[in-house]
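Asker: Dropping the structure in here first, questions after.
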């Protein structure tokens, strides 16, 4: 439980009473790899915080092609923000890639915590702002960088994920096919 409290405390200071209240409003679950926590078409009812393991969010288009939007490893948050905030069916899947211990914070309990601990609104606002900046940067990278440059940036930004995430998912994240990714990596290794 300390990891989620440490994560929050990086942005806002919590009293012991506030920490206890937060801990009383979360649920910890253990999941095996390949477990789907959220299906596209469902309403996202939780924010997910990763204590251990790796998760990803992705979409599947009409041609049955996966598009990875996010990865989340230890100390990161993940979910379908559109669905969580609107409480409408979303279009993302959230899947466990590596066996994981995950903290679930329900939308209902998150709203209750906002009321009881107003500084948590600041925490989640900053988390959302950081996510928005990362999405904008990724969009600009996809528009202006080559696939090799996007892969190099991924490797430098997320070095721990390289060894744990299947290559086809990295390919999807950087916006190339698995076949192109394999050829690109082989070419980069020859350099």
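Asker: Looking at (1) at pLDDT 95 or above; (2) closer than 20 Å to residue 164 by Cβ, which one does residue 67 not meet, given that it meets all the others?
Answerer: It is condition (1) that residue 67 fails.
Asker: Let me spell it out: the conditions are (1) in contact (Cβ under 8 Å) with a residue 24 or more places away in the chain; (2) part of a strand (DSSP E or B), and residue 70 meets all of them except one. Which number is the exception?
Answerer: The failed condition is (1).
Asker: Shifting gears a bit: Which residues, counting only those in region 131-151, are free of Cβ contacts under 8 Å to residues at least 24 places away in the same chain, surrounded by 12 or more Cβ atoms within 10 Å (Cβ to Cβ) and part of a helix (DSSP H, G or I)?
Answerer: Hits for region 131-151 are 134, 135, 137, 138, 141, 149.
Asker: Taking region 83-107 as the search range and keeping residues that are in contact (Cβ under 8 Å) with a residue 24 or more places away in the chain and not in a strand (DSSP E or B), which one is nearest to the chain's Cα centre (by Cα)?
Answerer: Per the stated criteria, the residue is 92.
Asker: Scanning region 103-118 for residues that are surrounded by 15 or more Cβ atoms within 10 Å (Cβ to Cβ) and in contact with a helix residue (DSSP H, G or I) (Cβ under 7 Å, 6 or more places away or on another chain), which turns out farthest from residue 22 (Cα to Cα)?
Answerer: Going through the qualifying residues, I end up with 107.
Asker: Can you say whether residue 30 is more than 25 Å from residue 159 (Cα to Cα), modelled with pLDDT of 95 or more and in contact with a strand residue (DSSP E or B) (Cβ under 6 Å, 6 or more places away or on another chain), as far as the supplied structure shows?
Answerer: No: the conditions fail for residue 30.
Asker: Now a separate question. What's the total number of residues in region 152-167 that are farther than 13 Å from residue 56 by Cα and either in a helix (DSSP H, G or I) or in contact (Cβ under 8 Å) with a residue 60 or more places away in the chain (or both)?
Answerer: Count: 11.
The values are calculated or read from the model by the stated rules, or taken from the named source; none is laboratory data. Here the structure is a predicted model, which is why all the values come from computation and not from measurement. So basically every Cβ, Gly included, is an ideal-geometry build from the backbone, and we count neighbours across all protein chains shown.
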